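Beneath this line is the structure, given in structure tokens, with notes to follow.
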Amino acid sequence: MTLWQLIKAELKAVLTNPVVTLTVFGGVVFYSFLYPLPYAQQTPREQPIAIVNLDGSQTSLKLERMVDATPQVNVVTRLHTIADAKQAFLQQEITGFLVIPEHFYKDLMLGKSPTLAYAADASYFLVYGTVVEGLAQAGGTLGAQVKVSKMVIDGVPMSMASHNYSAIKLNMKPTFNPTMGYIEYVVPAVFVLILQQTLIMAVGLQTGTQRHGRGYWSQVSTGSLLLVRTLVFVAIYYLLGAYYFGFSFERLNVNHIANAGELLAMLFPFFLGCCGLGFWLGYLLPRRELVTLVVLVSSMPLIFLAGFIWPIEAIPTPLLWIADLSPSTWAIKAFLALNQMGATWQQVAPHWTALWALTVLWGSAAYWIAKRNNKPVVTESLS
């Protein structure tokens, strides 16, 4: 069997295998639309809350209006007692409630610092933090206004009062994620993991399918089969990688600043390492269905160990050692640095080197286990 005949046979086998085809094309395209869908609004906004105003002063009513004006919250109801607010919260009519204490205005005018109480479900920490941010902004603004008014009442000129109470201003510059959105935070990293997991599954399923019986794969040497299968899947995944880093990023307005040459160069060892890992699992596991199970079970740990959700410094070192055996760990760091942070190639060269090291590791493991498990009768050498 010639090289071209083997390539055609392998490509035909991939495209006519419904499980592999669905995994490769269906999985990648499906997730490109499904995964970003819940985060279409980028950040939580207009969270429904209630206000319990135990003061009733004009200043407290002004605070209510200021809170409602913030983009983070939407005051849907005003209740008279904390018990009513608790009941509405337990019935999930609101996501939380703000309590303005008695003597709120009086304490402000006396120079005291009244305490605003906010109760909400902190299990949704992103939503909780967003709402608290809006409440703190409204409370801080009102506090500054009241203090200036008190100084004016005490006889201090308005210009001097405003000058003397010059609160520290924070000029926030969200680098690498200017919109502070969830899509730009999580999608670039997860898309890399999706490419890896579907590629490992596809290679593993194709290998597991052909472990028994005879066919074109039994007519060539193990090395030739692994080489051609790798080339076929790498070519297919280059197209899918272009779809992700090109069309999908444009559609989702995800920041991408790396040039195509750098992305292609980084993708090559990444795809090779994934293919080697897929071969190893395909030959190691007794049934091909177990490849899918292993990949799916490993997906969530790999996400959390990649370092973009939880700081690497806070992850136990032994877990990091295990994560470093996955090509996605290095690829996520490299692609985020290149595409989202504007890193130079010299800055990501260690990640590129690590991906080549994993290619050698998993490629050698795959070849060894393939030679051990497959003892085909080679009827014709590859020419």
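The values are calculated or read from the model by the stated rules, or taken from the named source; none is laboratory data. The shown structure was predicted, so the numbers you read here are calculated from the model rather than taken from an experiment. Virtual Cβ from ideal backbone geometry, glycine too; neighbours counted across all protein chains shown.
When segment 92-109 is filtered for residues that are within 16 Å of Gln58 (Cα to Cα) and either within 33 Å of the chain's Cα centre (by Cα) or part of a loop (DSSP other than H, G, I, E, B) (or both), the ones remaining, listed by number, are Pro101, Glu102, His103.
Cβ separations smaller than 7 Å between residues 6+ apart or across chains give the following pairs from segment 306-334 residues that are β-branched (Val, Ile, Thr) to residues that are assigned to a loop (DSSP other than H, G, I, E, B): Thr329/Ala306; Ile332/Ala306; Ile332/Phe308.
Go through Phe30, Phe89 for me and flag whichever is outside the structural domain of Tyr237 (by TED's automatic domain parsing) and within 33 Å of the chain's Cα centre (by Cα). The match here is Phe89.
Looking only at residues in segment 25-55 that are assigned to a loop (DSSP other than H, G, I, E, B) and at pLDDT 85 or above, the one that is surrounded by the fewest Cβ atoms within 10 Å (Cβ to Cβ) is Leu54.
Taking the criterion of being surrounded by 13 or more Cβ atoms within 10 Å (Cβ to Cβ) and small (Gly, Ala, Ser), the residues of segment 87-116 that qualify are Ala88, Gly96. In the condition set (1) modelled with pLDDT under 90; (2) of a type outside the set (Phe, Trp, Tyr); (3) in a helix (DSSP H, G or I); (4) surrounded by 20 or more Cβ atoms within 10 Å (Cβ to Cβ), Val220 is compliant with all but (3).
Each row is one residue, and each column tells you yes or no for (1) surrounded by fewer than 17 Cβ atoms within 10 Å (Cβ to Cβ); (2) within 23 Å of Thr207 (Cβ to Cβ); (3) over 19 Å from the mean Cα position of the chain (by Cα).
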| residue | (1), (2), (3) |
| --- | --- |
| Met266 | no, no, yes |
| Leu285 | no, yes, yes |
| Val295 | no, yes, no |
| Ala323 | no, no, no |
| Ser328 | no, yes, no |
| Asn339 | no, no, no |
| Trp352 | no, no, yes |
| Thr359 | no, yes, yes |
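When segment 231-284 is filtered for residues that are among the β-branched types (Val, Ile, Thr) and in a helix (DSSP H, G or I), the ones remaining, listed by number, are Val232, Val234, Ile236. Flag not set for Val297, criterion: assigned by TED's automatic domain parsing to the domain that holds Tyr244 and in contact with a helix residue (DSSP H, G or I) (Cβ under 9 Å, 6 or more places away or on another chain). Does segment 340-363 contain any residue that is in a helix (DSSP H, G or I), modelled with pLDDT under 90 and not aromatic (Phe, Trp, Tyr)? Yes; the residues of segment 340-363 include at least one that is in a helix (DSSP H, G or I), modelled with pLDDT under 90 and not aromatic (Phe, Trp, Tyr).
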